[in-house]
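Here the structure comes first, spelled out in C-alpha cells, and everything after it is commentary.
The values are calculated or read from the model by the stated rules, or taken from the named source; none is laboratory data. This structure is a prediction, so every number in the text was calculated from the model and none was measured. Virtual Cβ from ideal backbone geometry, glycine too; neighbours counted across all protein chains shown.
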C-alpha cells in the first residue's frame, strides 16, 4: 500500500465539510456507494458520486474516507513483527494478536462531548475505555472482548475526523506504541463477571 499517496488523496476530502445530516445506514445506501471499495482516488470518488443526491453523496464521501483510512491503519499494524493478523477477516472479536494477546481494533475520533476534558482522559484512560465499551458499536461489533482503541484528537480546530487522513502521523504513533508495548500496561475492566483487557493509543 502506498501510504504517502493515500494520505494525499484522503486530505483532498477535507475540501468538503464532514456531514452525515441524519443519514442512516441502509442496504440501499450501501449498494449505491459500494464503488468506494475499488475507488482509490478522490477524483474518481467525485465522478462515481455524480448521480447521487446530496445525502447520498455525503454518505459516499464519508464511507470512502473512513474505509481507506481504516485500511491504512490495518496495514500499518500488520507490518509490525509483534502483530499476527487473524486470517479470518470476518471474525467479530479478533482482528489480530499483539504478542499473545488477542484484540479487536477500533479507530475512533475523540468524543466531542468530552473536548474540554481531553487532558483529563489522557491521564485517566480507564474511564474513557469504559465509556467506549458502553456507548460504541451498538450493533454487530458490540462485544465484551479485548479491544485496542486508537483515539484521534485534533488540537488545532477540534475537527477530529481530519486526523484519519494523517497517515504518516498515525504510522509514527502506532509504530512507537507497538515498539514499546508491554502486557503490563493493559487496563483491565470487569463487565458482568467478564474481565477484558484494553488500552488507548492517542494520536494528536
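When you check residue 76 against the structure, is it surrounded by 16 or more Cβ atoms within 10 Å (Cβ to Cβ) and either under 18 Å from residue 147 (Cα atoms) or in the same structural domain as residue 171 (by TED's automatic domain parsing) (or both), yes or no? Yes.
Does the stretch 80-103 contain at least one residue that is part of a strand (DSSP E or B), touching a helix residue (DSSP H, G or I) at 6+ places or on another chain (Cβ under 8 Å) and without any contact (Cβ under 8 Å) to a residue 40 or more places away in the chain?
Looking for residues that are part of a strand (DSSP E or B), touching a helix residue (DSSP H, G or I) at 6+ places or on another chain (Cβ under 8 Å) and without any contact (Cβ under 8 Å) to a residue 40 or more places away in the chain, one finds at least one in the stretch 80-103, hence yes.
Of the strands (runs of 3 or more DSSP E) entirely within the stretch 135-204, those holding at least 3 residues that are farther than 25 Å from residue 14 by Cα occupy 187-191, 194-203. Against the test of being under 21 Å from residue 118 (Cα atoms), outside the structural domain of residue 11 (by TED's automatic domain parsing), crowded, with 16+ Cβ neighbours inside 10 Å and within 14 Å of the chain's Cα centre (by Cα), the options 186, 148 yield a single qualifying residue, 148. Just one of the listed residues (89, 125, 162, 172) is surrounded by 14 or more Cβ atoms within 10 Å (Cβ to Cβ), assigned by TED's automatic domain parsing to the domain that holds residue 201 and under 24 Å from residue 3 (Cα atoms), and it is 162. With the checklist (1) part of a loop (DSSP other than H, G, I, E, B); (2) at pLDDT below 95 in hand, flag the one item residue 30 doesn't pass. It fails just one condition, (1).
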